1. Please report Arg141, Arg3 as a ranked list, fewest other C-beta atoms within 10 angstrom at the top and most at the bottom.
2. Dipole of region 157-236 (Lys/Arg Cβ +1, Asp/Glu Cβ -1, origin at the Cα centre): which of Ala205, Ile183, Gly232 lies farthest to the positive side?
3. Once each part is reduced to its C-alpha centroid, what is the distance from region 156-195 to region 101-145 in angstrom?
4. With a 10 Å Cβ neighbour count serving as the proxy for reagent exposure, in which order, fewest first, do Glu70, Glu51 appear?
5. Going by how many other Cβ atoms sit within 10 Å of their own, how do Asp192, Asp34, Asp310 line up, fewest first?
6. Using the Cα centre as the reference, give the magnitude of the dipole from point charges on the C-beta atoms of region 4-170 (Lys, Arg: +1; Asp, Glu: -1; all else neutral), rounded to the nearest 20 debye.
7. Ratio of Rg to Rh for region 176-334, alpha carbon only, Kirkwood?
Amino acid sequence: MVRTVRPEHPVSVTVTAAVGGKKEWNGPLGARFDYIDESDRFGKKTWEQSEAESQAIALRLALNKSSLRETDLDAVVAGDLLNQCSSSSYGLMNFRIPFLGIFGACSTPAEGLLISTLMLDGGHYRRIGVVSSSHFCSAERQFRAPVEYGGQRPPTAQWTVTGAGAFILENAPGRVQIDGLQIGRIVDAGIDDPGNMGAAMAPAAFEAFRDFFEFSGKKPADYDLILTGDLGAEGSAILKELALRAGIDLKRHNDCGLMIYDRATQDVQSGGSGCGCSAAVMASYILPQMFEGNVGSVLYAATGALMSADAVKQGLCIPGIAHIVSLKADMKNNRGERAQ
């Protein structure tokens, strides 16, 4: 049974930080990132270590922006694409904060916000950090082939974002509050092509939206923005077609994979993807827009292709999932303020 949850107590997002690489810097949102490393290495020798360091930088920036110390966080919830969430564990181990490593593929940022909200709403924790990352080169090495191989990419393929997003949540009223949650269901769309993850994830996004609007009592018109991450061009088109057939109006839809890059000039095929994609878009642009009072309500559904490198080699399908987080800004108090 699908259940849409409304927190019983106020849970707010207080601060965000976004980290990216050269390709992200050259994209439409590049100037909004808090930290850019044009070498994509973040001061480390290997791509895996680079991704781990991007998480550390993102969380440190979020703490600094809010004048918090590491000890002010009761826990950190983090995830990435690599085996055993190694970027998260290596990147955050020196913070000495109670740690939960999670995996939801590209849906990880929303999963982290969802889990943290439930922990805070329960009254057991006061303040939690959420971090999510991906790296083009580390993901290519794990899921496809060494970057040096230079294999041709089909038009439906997506470009893994090199970046990380960090969020700090508190169990108190704030400028942006989380007012709804929904855990996604695994959906098999019958897609086994790792070069077409958008098609694998789109049905899960559709089912998540359909269920949310049915069980929450909300309507698409209640939101200024209905955001997915990361379906890309292929998956977004499929989502809109499925929604149209079901009579669901998604005119206010946009996708993080389409926002982070300029497909006309950056050669990213169908758009961006990865745990760092929607995390970076939310942290660099969407939430700051809400902090500033420019956007009042966002329905955020991060989508994930729950595959592994071995499953793809065995010809198995690529299960999709979509977790939903509903966010609402305090427009009266936010308008005219600057985002952190």
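1. Arg3, Arg141
2. Result: Ile183, furthest along the dipole toward the positive end.
3. Going from one Cα centre to the other spans 8 Å.
4. Ordered from fewest to most neighbouring Cβ atoms within 10 Å, Glu70, Glu51 come out as Glu70, Glu51.
5. Details: Asp192 15, Asp34 21, Asp310 8.
So the ranking, lowest neighbour count to highest, is Asp310, Asp192, Asp34.
6. Values: 16 positive and 18 negative charges, 37 e Å.
The dipole of region 4-170 has a size of about 180 debye.
7. Working: Rg = 15.5 Å, Rh = 15.9 Å.
Checking Rg against Rh, the ratio lands at 0.98.
Every number here is computed from the coordinates shown, using simple stated rules; none is lab data. These figures come from a predicted structure and were not determined experimentally. So basically every Cβ, Gly included, is an ideal-geometry build from the backbone, and we count neighbours across all protein chains shown.
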